[in-house]
1. Below 8 Å, C-alpha to C-alpha, sequence gap of six or more: please give me the relative contact order for region 185-270 in percent.
2. Under 15 Å between alpha carbons, and skipping anything fewer than 8 positions from residue 204 in its own chain: which aspartates and glutamates qualify?
3. Roughly how many nanometres apart are two label points built 7 Å out from the Cα toward the Cβ at residue 250 and residue 34?
4. Given an 8 Å cut-off on Cα distances and at least 6 residues of separation, report the relative contact order of the chain as a percent.
5. If I stretch the segment between residue 75 and residue 87 completely, what's the gain in nm (0.36 nm per residue apart, minus their alpha carbon distance), one decimal?
6. Quick one: of 30/62; 86/220; 158/209, which pairs are farther than 27 Å apart, Cα to Cα?
7. Project the alpha carbons of the chain onto their principal axes and report the range along each, largest first, in whole Å.
8. So what is the 222 nm mean residue ellipticity for the chain from helices alone, if each DSSP H run of at least 4 adds -39500 (n - 2.57) and you divide by all residues, rounding to the nearest 500 deg cm²/dmol?
Amino acid sequence: MNTREKHAFLPDIQSQPDRRQIPIEAVGVKGLRYPVTVRSSGENQPTVAEFRMTVGLGGTLKGTHMSRFIELLEASAQSVDQDRFKAMVIGMLERLGAASGEIEMRFPYFIRKRAPVSGVESLVDCDVTWRCNVATDGACTFCMKLTAAGTSLCPCSKEISAYGAHNQRSHITIDAELARTVDIAELLAIAEASASCEVYGLLKRGDEKYVTERAYDNPKFVEDAVRDAALALRSDPRVRAFVVEVENFESIHNHSAFARIDSADLSTQQ
């Protein structure tokens, strides 16, 4: 057999049967960085995302075709909004002949914000994750996770001090299962509103005075922030379920203050 004939009959090892008869819940690729254009709030934003792409594998199959995950990204030339992201998962299942699968896409996203007094504009980044899962029964679940920064000012410190109060930067993380599209900026606004004050990329002196006094007039424990975020999410009909976490990077302690609310726990308590 010559070289050309050998290449014409390359064996497909992944498609061979497996005698162990043990299904695999998720198999695929992770840690894959790829340039994408994310569409949200009617605007396109180029970014670099990190992907995890997996499918379920039946117990009778030896393996999946790893190269087809990359082929899927190469074929996705359009900007990606939440509906197209869901369509990518469906396309992945068709391409790999799988009954279930999930794509997770993590990326930095930038919001242009105006300073509250001077009006100067600057970009503020947040970490976003889109995750879409299709189960074997065809049920499709889309989740968006977002981590935003905010300022928290301690109510106790304000109450007991003759002047001033200690404050710190906070991280508010929302992981929401969505029934309908929610723009990134909308979820970010819910996170920021739960803090004592928003943070900005660029502030002039008048802005700095404003944000300092705004936080002082709006003191919040970590418990207050996580509850305020949970109330806003629970009242939004587009949000099916959520987990919200708040971490305050304490300025007077060598540790963080932390709080977490899971909507599943709230439903069992009602």
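1. Working: 79 pairs, mean separation 21.1, N = 86.
Reported as a whole number, the value is 25 percent.
2. 121, 213
3. Once both label points are built, they end up 4.4 nm from each other.
4. Details: 548 pairs, mean separation 37.4, N = 270.
Reported relative contact order: 14 percent.
5. Numbers: separation 12, 0.36 × 12 = 4.32 nm, distance 1.24 nm.
3.1 nm is the gain from fully extending residue 75 to residue 87.
6. Details: 30/62 20 Å; 86/220 37 Å; 158/209 17 Å.
Among 30/62; 86/220; 158/209, the Cα-Cα distance tops 27 Å for 86/220.
7. The principal-axis extents, from largest down, are 90, 44, 37 Å.
8. On the way: 8 runs with 79 residues, N = 270.
Helices in the chain give a 222 nm mean residue ellipticity of -8500 deg cm²/dmol.
FYI, it's all coordinate maths here, none of it is from the lab. If you're wondering where the values come from, they're calculated on a predicted model, not measured in any experiment. Cβ coordinates were reconstructed from backbone atoms using ideal geometry, including for glycine residues, and neighbour counts include every protein chain displayed.
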